[in-house]
Amino acid sequence: VLMAGAQPGQCRPEPMECLDLVSSALCMRLRQTVPGSDRAALAAIRVMYLGAMVELAVALTVLVTLGDVKASILARDPGYTRAQWHSEVVGTLEPLVAAAALAVGFWLWMAWANGRGHRWATILFALFFCQNTYSLLHGLAGGSALYARADLAAGTVLWLVELAAVALVSRNELRRIATSRSGAKRRDQGETSLIVAAPSGVHVEEEP
C-alpha cells in the first residue's frame, strides 16, 4: 500500500502515511460484524462499554475513599494499628484497584468479541459475572457495608450493569440458537417435501 502511494524518488513513508495505514488496519480489525438490525446484540455491546466506564469509576472510588475507609475503621476500632492498615491496603485494596484496571480491558475485549459474533464470549462473560458476584458477597461478609459504603455502592452499580449485560448476551445467544434450529428444521422439511413430490420410478440423489 505504501509503495503504491509513493511519490517519484520517495524511499521512505511519511509518518502520517504510516499512521493512516495503521489506524485503517485497526478499524478493519476492531469493527463490528453484527448487523445494525440486531438490536439485542448492539444493546449488549453498548452496555459493555458502559460497564468499562463504571469499572474505571469503581477503581477511582476505591482510591479516593482510602482515607474515609481508614477513618471509619479507626472510629469503630481504636486499637487498629498502622501495621494492620498497611496489611489491609497491600493485601486487599491495592489488588482490588489492579483487578478493576484489568477488568476495564476485559469489558472492552468482551464488547469487541460480541461485536464480532464470537459465541465463546458469552460463556467467558458469564464466568466473569459469577466471579464478581462472589467478590461482592465476600465484601459484604467482610464488613464493607460498615467501613466502605461508597465502595460498596459503586460495586453494586457495577454488578447491576453486569447483570444487564449478562441478560442481554444470554438472550441474544438463545435467539441465535432458536433461529439456527428453526432454519435447520425448515431445510429438513423442504428436503422431505422434494423427495415426496418426486415421481415414482425416478431415483433422487441427495448431495452430500
Total formal charge among the other residues, if their Cβ is under 14 angstrom from that of ALA59, Lys/Arg +1 and Asp/Glu -1 = -3
Each label point is 7 Å from the Cα along the Cα-to-Cβ direction; what then is the distance between the points at ARG119 and VAL22, in nm?
-> 3.7 nm
Stretched out fully, how many nm does the piece from MET53 to ALA164 gain, at 0.36 nm a residue minus the Cα gap?
-> 38.5 nm
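Readers should treat all values here as calculations from the given coordinates under stated rules, not as data from a laboratory. Predicted, not measured: the structure shown is a model, and the values here were computed from it. Quick reminder, even Gly has a Cβ in these numbers, built from the backbone with ideal geometry, and neighbours come from all protein chains shown.
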